[in-house]
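To start, the structure under review is shown below, and the notes come after it.
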Amino acid sequence: MILFWLIAILLIGGLLAWLFEKVNVTAVRVISLLALLVDFIMIVIFWITNYDSIKLGINNDWITEINWNWIPEFGIRFHLAIDGLSLMLIALTLFLGILSVLTSWSEIRERVGFFHFNILWILAGIMGVFLSLDLFLFYFFWEVMLIPMYFIIGIWGHENRVYAAFKFFIFTQASGLLMFIAILALYFIHGSQTGNYTFEYEALLGTSLSSTAAMWLMLGFLIAFAVKLPAIPFHNWLPDAHTEAPTAGSVILAGLLLKTGAYGMLRFVLPLFPLAAKEFAPIAMLIGVAGILYGAKLAFAQTDLKRLVAYSSVSHMGFVMLGIFAMNQLAFQGVIMQMIAHGISTGALFILVGSLQERIHTRDLNQMGGLWEQVPRMGAIGLLFTLASLGLPGLGNFVAEFLVLAGSYQASIYITVLAALGLVASTIYSLRIMQKVFYGNKVKEWKLNDFNSREMITMGSMIIIIVWLGIFPQTFLNTSKKTMENLISNPNRIKIVNNVKQNSFELSNKLIFPQGYKIQNDLNISYISFNKKIMGER
Amino acid sequence: MNLFPILPLIILSGTSILIILLIAVNRNYNISFGLNLIGLSAAFISLFYISRELPQNISNFLIIDNYALFFIGLLIAASFTVSLLSYSHLKNYSGSREEYYVLLLIATLGSSVLVCSNNFVSFFLGLEVLSVSLYILIAYTREFQRSLEAGIKYLILAAASSAFLLFGMALLYAEYGTMNFIGISMGFKSIGVTPLVLTGFGMMIVGIGFKLAVVPFHMWTPDVYEGASAPVTAFIATVSKGGMFALLLRFFFTINGYQYHSIILIFSIIAIASMIGGNLLALFQQNVKRILAYSSIAHLGYLLVAFISGNKLTTEAVTFYLVAYFITIIGALGIVTILSNKEKEAEDLDDYKGLFWRRPLIAAIFTAMLLSLAGIPLTAGFIGKYLLLAAGIGSTLWLLSIVLVLSSVIGLYYYLRIITAMYSTKGDVDEKKLSPVFSVGGSIALAFLTLFLVWLGVFPSGLMAMIKTFVGL
């Protein structure tokens, strides 16, 4: 039930926030913050209580799940489930959600209620994406998060907002619909093979596809995720959307929406189409590397600070693409770390840019310079996060990129060499930010205040996490380990279990032990994984 | 002959005669409006009484079965909603207002005859009853040049297309010697598709395609949508097109047209042309009613995809989509109605600038309707589009499915244009330009439509189960 409430609280909170708009603007902010805090505390407690069992991998594939009938006529179920991977992403979602409410505290002054309604509904949609185990439900949430984002960019964005909002929406919607066709095709292929028409993830894992069909369907899924990620050549909605969105929008876009693409590849593309993905992997890795280098090059060329950070996202997400298609444990763990570390570090940079813009009303790098004297706190924090972004050891991004490179080295040495060059490039553009904004000569005399206490709280919490990620990455690696092992060790694992279930056990056992059969099965699985654990440690 | 099963049709015609008589004695707008609502409700309720002894053939012309029952119910409900929306719109009209409801009832009757006909005679009869009342409804506010122009345009084109239809029917009759749908399916088997039959079918497709407004028979749509008053436009978009589509589906299933590839090919070409053409033409329109007109062309194209698929999902998908489309388009045009005043309809894109900040509720409802047209989740349109795609992919119609998807992305652009206008912060429209009359009936109707829209988008199971029990061909 916790999964249902995580989403429901945000949806209800969003509606309440909208209703309270007429009453009191502060009430709106407080309600949104409370809804997010309650959710965040819930998920943190859930994480802590389940940490040991996740680490040992003694529970089932899913820590907890809910599975309700939704549209039984078409085998559509309301099936949410959480494992280590989604747990971390949910926590990230809520954390960044809280921060985006905090950063818009003074930035958003118009139509505050509707703004927070949109924020909470996007976050609910994103959580739905991370939790859905029914492909129809997944697509449903995938679309639900678009409309509020469209409004956020289109209403509260900067100068060129309408164009950016259109572009964002049409790119994502078009690619999403192609994925929907692939989902439907998979549904019918599976249905015609087994007679069981269902959108259930675990059932569809066992679909046997001809290699051409698998390749086409894989591409259908991949294109949706590649647009979201974004991978070259589908990236060009991103700079516009990120630049024009208000700060909270940019934080959610960079920190969360991009991660749904990576999540989709890990959760759906690899397990559903293992062979096709393997076949496509070299091209995908090349696309990843191209993203790293091209993004970095473009980031270096920008004069608009926000655009610079946006292109740096393209570059960082290249590592994610590279890691996913390197297809080994190290790289996967790196990808997870990159998703979280990038969410935090880029989120922080966007907040920094946002607060600069709020103070001096420009994002033009050529107008800034020598700001450190006036805003030392901002400068120091900016330094920390640009260093994080360029991959300084001790901070989260280093661990992530190191793991990805170590993993991809096993897959392809040449590609890894090219990708490693990206680290050099990121150093160049990151240091350029510091040089242009905080050091150097003063171009203009700006009058601006340093971070206030609310902003220091925001930044402080992000600093804690990014340092934690850099120094104790094991906390996060342990949480995602089981999921990643499953991806690696045997992508068809569930298929085998499933087939056994379907063919031999199900009917007879269900008749004899309507309840007992499942328990027995569960025990079996946990016994096996427990055994594996012991053997592994020896 | 047992006439009990056609009780709803009798009630509809009886009510219209009653109102005509009443007008002769005493013109009273409120009473004729009330009688119209009572007649529609009575016809709707009578559906439950006749449902017990079905299916029934009424002589050789009509068949009352569950399928007919469902669609008659749907058409009556649509007509009821349109009446509610028309009330305040027509109240301030200076000409004679009472006949409007007579025509509405007769048109509903015509469309209802269409959905239960199983013979060319009743088919044509229903079609003409529907068309003739539509001529007048479209040109009802005849002192506006636009309405008159639209009415005449519709009259000429509809008459021409009826002639095609009739000629086509005659050719089929010449070959098979029967006008009954079942007789024609027999003829298909025994005599086969001769050139004469193919020509006949081609001509019938012209007539049917005109009523459905699919490319290349779509020319009248934007002008008529623009010229007719918004409630009448809603009526054309739903009752007229819906009735025709239901008939087409029944006809095709009865004669089992899916085995004739040349006919399927024609429909596929029409579907693709409608999807692409409708969406492209809508892109740069500045008039909301014209946008909706072109988008309706595209939507009929989407419907044809499911129609062509011809598998067990087809009727369900088509019916669900029609229900969703009825709700959505009546809702959208209902908004236009509510925002219009006596002199001017709220149809320019500029009229909607900043609407959200002036009338948040109305703008929110309109947004929901537009998103449903675009097929975004949480609305009935999404489930509808899912069903259409599922039907298409279920029969491996890859080309049609992909065209559906890509063209609906184009469609997204112009729906977003309207939405963007409503949410634009620079709303410099002065309030006086549009002074909507508040109407209780219209507002309640819109509230219910929105409720249905979201309800069907989140819990479609109920309607789907109902469609499954009723609409099996």
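Kindly evaluate residue A:271 against the criterion of being away from chain B (no Cβ under 12 Å) and closer than 24 Å to residue B:412 by Cβ. No, not satisfied.
One residue alone among B:432, B:468 is assigned to a helix (DSSP H, G or I), modelled with pLDDT under 80 and surrounded by fewer than 17 Cβ atoms within 10 Å (Cβ to Cβ), and that residue is B:432.
A count restricted to the range A:329-371 and to residues that are of a type in the set (S, T, N, Q) and closer than 14 Å to residue A:436 by Cα stands at 3.
Being loosely packed, with under 15 Cβ neighbours inside 10 Å, in contact (Cβ under 8 Å) with a residue 12 or more places away in the chain and on the phi < 0 side of the Ramachandran plot narrows it down to one of A:78, A:4, so name that one. Explain how you work it out, then say what you get.
Details: A:78 fails: loosely packed, with under 15 Cβ neighbours inside 10 Å.
Testing whether each residue is loosely packed, with under 15 Cβ neighbours inside 10 Å, in contact (Cβ under 8 Å) with a residue 12 or more places away in the chain and on the phi < 0 side of the Ramachandran plot leaves just A:4.
Please indicate, with yes or no, whether at least one residue in the range A:166-187 is closer than 15 Å to residue B:390 by Cβ and of a type in the set (Gly, Ala, Ser). I'd like the intermediate steps shown before the answer.
Going residue by residue through the range A:166-187, those that are closer than 15 Å to residue B:390 by Cβ are A:177, A:179-187.
Those left that are additionally of a type in the set (Gly, Ala, Ser): A:182, A:185.
Yes.
Looking only at residues of the range B:388-399 that are more than 8 Å from every other protein chain (Cβ to nearest Cβ) and buried (at least 24 other Cβ atoms within 10 Å of the Cβ), we find that the one that is nearest to the chain's Cα centre (by Cα) is B:388.
If you check A:212, A:198 for being among the hydroxyl-bearing types (Ser, Thr, Tyr) and not in a helix (DSSP H, G or I), only one passes: A:198.
Which is β-branched (Val, Ile, Thr), outside any loop (DSSP other than H, G, I, E, B), in contact (Cβ under 8 Å) with a residue 12 or more places away in the chain and more than 9 Å from every other protein chain (Cβ to nearest Cβ), of A:181, A:153, A:232?
Details: A:181 fails: more than 9 Å from every other protein chain (Cβ to nearest Cβ); A:232 fails: outside any loop (DSSP other than H, G, I, E, B).
The unique qualifying residue is A:153.
For residue A:104, indicate whether it is hydroxyl-bearing (Ser, Thr, Tyr), away from every other protein chain (no Cβ under 14 Å), under 27 Å from residue A:329 (Cα atoms) and surrounded by 17 or more Cβ atoms within 10 Å (Cβ to Cβ). Against the criterion (hydroxyl-bearing (Ser, Thr, Tyr), away from every other protein chain (no Cβ under 14 Å), under 27 Å from residue A:329 (Cα atoms) and surrounded by 17 or more Cβ atoms within 10 Å (Cβ to Cβ)), residue A:104 does not qualify. Looking only at residues of the range B:455-465 that are of a type outside the set (Val, Ile, Thr) and in a helix (DSSP H, G or I), we find that the one that is farthest from the other protein chains (Cβ to nearest Cβ) is B:455.
Only one of B:293, B:346 is outside any loop (DSSP other than H, G, I, E, B), of a type in the set (Gly, Ala, Ser) and under 26 Å from residue B:86 (Cβ atoms); which? It would help to see each step written out before you state the result.
Numbers: B:346 fails: outside any loop (DSSP other than H, G, I, E, B).
None of the others qualify; the one that does is B:293.
Within the range A:207-225, being modelled with pLDDT of 90 or more and surrounded by fewer than 19 Cβ atoms within 10 Å (Cβ to Cβ) holds for A:215, A:216, A:219, A:223.
For the range A:16-56, taking the residues that are of a type in the set (Gly, Ala, Ser) and more than 23 Å from the chain's Cα centre (by Cα), the one that is farthest from residue A:99 (Cα to Cα) is identified as A:53. Considering only residues that are more than 13 Å from residue B:295 (Cα to Cα), facing chain A (nearest Cβ under 10 Å) and surrounded by fewer than 24 Cβ atoms within 10 Å (Cβ to Cβ), which ones fall in the range B:400-415? Within the range B:400-415, B:402, B:405, B:406 qualify.
The values are calculated or read from the model by the stated rules, or taken from the named source; none is laboratory data. Treat the numbers as computed from the prediction; the structure is a model and nothing was measured. Ideal geometry is used to build each Cβ from the backbone, glycine not excepted, and the neighbour counts take in all protein chains shown.
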